[in-house]
């Protein structure tokens, strides 16, 4: 019996030894000490506490010798720690989003205040500029002295051009504000001045200048309500940019944004090239309906009668979709270059399509 005693003792020791700790429990310990889990302990305490509970139960199962339960609980603990880190990141993201939204709200409110202040300042500046312009236009013009025959001829030609400018400004004012009563009186005055210019009497240059000044004032005043309502709108600037990109070579004058079209006639009718350009301009006009159109035909030679070219162009614009259009004939009173220059006829004969600025 004595030889069997050592063997029995060895079997007894093996049977009482603690079983090996599952590998997953070591992984739980390493994960638990990671920076992400330690951060989750502060940011997501409830999720962290749940993971700790699983770990505690896994340790208890292992100590009780229940390796199967210890394995399962350790896996649940690992998953719970990982979930705690995810919730911590979500919490941080939500806090960051809330802070960003708060900053956005603050910046939006500040921007709204600045825009309101800018509009107020712009309105005051526009009103002041308008007052200065009206006051300047109302200043009495210096009276012209008697002139020599040559100078009188030049003065008569200048007076015709000024009367044309004034009447076109008045027509533009009527397009902006159709019921402006003073405009009709001024246009009647323009007709009287044209008749006087056809007589041998001295050219009414002073009256022509007064007419132009009065019509410019009426146009300025007709724009005033819209300019005060939208002082910083920049409608004309945007339109000028759009027409420039379309290679129309537009320019600005007191009436608004102007496009000059040449090669206008073809067999007594609108040329095909002009018709194509008018169709393109009509599409632009449809996109900017706040701009009424003033169509002005210019002749190459003095004394040419109105052949209805401006009216044809206006009807072509309307047929292509433009709504508010008015036609005027300026004759040869506003040449681009002197008539005696080479190629002057081709440059002076033209149709102007004026996008009349409604407010700025």
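Quick rundown of the values:
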item: Residue, nearest to residue 356 (Cα to Cα), within segment 226-237, restricted to residues that are in a helix (DSSP H, G or I) and in contact (Cβ under 8 Å) with a residue 24 or more places away in the chain; result: 236
item: Index of the failed condition, residue 307 passing every other in (1) under 24 Å from residue 173 (Cβ atoms); (2) surrounded by fewer than 17 Cβ atoms within 10 Å (Cβ to Cβ); result: (1)
item: Number of the condition not met by residue 320 [criteria: (1) under 18 Å from residue 158 (Cβ atoms); (2) touching a helix residue (DSSP H, G or I) at 6+ places or on another chain (Cβ under 7 Å)]; result: (1)
item: Among the candidates 294, 211, 243, residue that is in a helix (DSSP H, G or I), on the phi < 0 side of the Ramachandran plot and not assigned by TED's automatic domain parsing to the domain that holds residue 158; result: 243
item: Meets criteria (in contact with a strand residue (DSSP E or B) (Cβ under 6 Å, 6 or more places away or on another chain), surrounded by 20 or more Cβ atoms within 10 Å (Cβ to Cβ), in contact (Cβ under 8 Å) with a residue 12 or more places away in the chain and within 15 Å of residue 357 (Cα to Cα)) for residue 257; result: yes
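The values are calculated or read from the model by the stated rules, or taken from the named source; none is laboratory data. This structure is a prediction, so every number in the text was calculated from the model and none was measured. Cβ atoms come from the backbone with ideal geometry, glycine included; neighbour counts cover every protein chain shown.
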